[in-house]
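The values are calculated or read from the model by the stated rules, or taken from the named source; none is laboratory data. Computed from a predicted structure; not experimentally measured. Reconstructed Cβ throughout: ideal geometry from the backbone, glycine too, with neighbour counts over all protein chains shown.
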Amino acid sequence: MKIKSSQPILCLRPTQFSVGVLEVEHKVVEAQRLSRKKLAKLVRNTPVPIVVAPWGDLFVLDRHHFIFMCWHLKVRKLRVEIVKDYSQSKLSYREFWRRMVEDHCAHLYDQFGDGPREALYLPHDIRGLADDPYRSLAWMARKEGAYENSDEKFAEFKWADFFRNERLLAKHGRAGFVPAVKQAWTLARSRAAMKLPGYIAPHLAKTDAPRSGRGKSAFIPEPQSTGDLASIPTTK
């Protein structure tokens with residue numbers, strides 16, 4: 001099957017159930033500061049890796065947050081890069097998904113960290129992705145230098161589950177991200193996190209505090225009162 005290098009966003013099929021919506025929001029706010037020309041260059045230089053299924057669907061291997069950001073910015077086509085093409089194979093539906101899981105090409109755990117779920121229930125397109133607040137927390141902690149970026153598949157989901165098990169957002173809910181980022185940073189540097197991807201051993205650590213210092217993390221988006229990302233109720 002010959003696949004065009006530019007594809008509509010809504011034909012790209014997710015291979016995970018959730019994203020961190022606050023991470024997406026941060027990326028949107030940052031991208032909104034770019035000129036139209038620079039945004040076009042960013043989109044052009046960020047191809048989405050895909051797997052072509054035996055029945056022709058295009059499944060996303062990475063960059064779900066980037067795709068969601070582009071959708072918010074009204075970008076409707078993205079450049080794709082085929083990593084694996086099964087369009088000529090005789091794999092059945094079940095065999096295909098077994099291969100995807102074995103090759104770490106799909107994360108079949110939901111926004112609560114439960115699973116694996118059946119691939120049937122994956123969202124049809126980027127609009128159906130659920131919000132996992134702990135996935136946002138994991139991303140914020142990494143950006144604050146709590147642990148290093150890792151090439152290991154689904155690394156930030158592993159950190160999200162680690163922080164979820166510690167119930168860092170349970171006390172104050174989404175309003176508790178400010179203290180939760182600090183707690184996550186401390187936990188990520190503890191021995192309890194030693195086996196997680198990107199763990200920074202104490203003797204290798206270059207800093208002993210979050211990059212944003214003792215104040216609010218720079219990676220927690222400010223609530224918007226106007227525009228497409230408005231999250232504050234309007235009043236008379």
- Message: All but one of (1) over 21 Å from the mean Cα position of the chain (by Cα); (2) farther than 23 Å from GLU152 by Cα hold for LEU120; state the number of the condition that does not hold.
- Response: (1)
- Task: Give the residues of the stretch 41-57 that are surrounded by fewer than 19 Cβ atoms within 10 Å (Cβ to Cβ) and within 23 Å of ALA155 (Cα to Cα), sorted by residue number.
- Result: THR46, PRO47, PRO49
- Task: Look through the stretch 157-186, keep the residues that are free of Cβ contacts under 8 Å to residues at least 40 places away in the same chain and hydrophobic (A, V, I, L, M, F, W, C), and return whichever of them is farthest from PRO197 (Cα to Cα).
- Result: ALA175
- Of residues in the stretch 78-93 being closer than 19 Å to LYS153 by Cβ and among the charged types (D, E, K, R), the one surrounded by the most Cβ atoms within 10 Å (Cβ to Cβ): LYS84
- Message: Every residue in the stretch 14-40 that is surrounded by 19 or more Cβ atoms within 10 Å (Cβ to Cβ) and of a type in the set (Lys, Arg), please.
- Response: LYS27
- Being in contact with a strand residue (DSSP E or B) (Cβ under 6 Å, 6 or more places away or on another chain), at pLDDT 95 or above and under 24 Å from ALA138 (Cα atoms) narrows it down to one of ASP110, ASP62, ASP103, so name that one. ASP62
- Item | Residues that are touching a residue at least 24 places away in the same chain (Cβ under 8 Å) and surrounded by 15 or more Cβ atoms within 10 Å (Cβ to Cβ), drawn from the stretch 94-122 | PHE96, MET100, CYS105, ALA106, HIS107, LEU108, TYR109, ASP110, GLN111, GLY113, LEU122
- Query: For ASP85, which of the numbered conditions (1) under 14 Å from the mean Cα position of the chain (by Cα); (2) under 22 Å from SER6 (Cβ atoms); (3) acidic (Asp, Glu) fails to hold?
  - Reply: (1)
- Query: With respect to the numbered conditions (1) farther than 25 Å from LYS216 by Cβ; (2) in contact with a Pro (Cβ under 7 Å, 6 or more places away or on another chain), which one is the sole condition not fulfilled by PRO197?
  - Reply: (2)
- When you go through TYR147, TYR134 one by one, which is the residue that is aromatic (Phe, Trp, Tyr), outside any helix (DSSP H, G or I) and on the phi < 0 side of the Ramachandran plot? TYR147
- Query: Is there any pair linking a residue in the stretch 15-26 that is outside the structural domain of ASP125 (by TED's automatic domain parsing) to one that is of a type outside the set (Gly, Ala, Ser), with Cβ under 9 Å and at least six apart or on different chains, and which?
  - Reply: none
- Item | Selection within the stretch 200-231 - at pLDDT below 75 and small (Gly, Ala, Ser) | GLY215, SER225, GLY227, ALA230, SER231
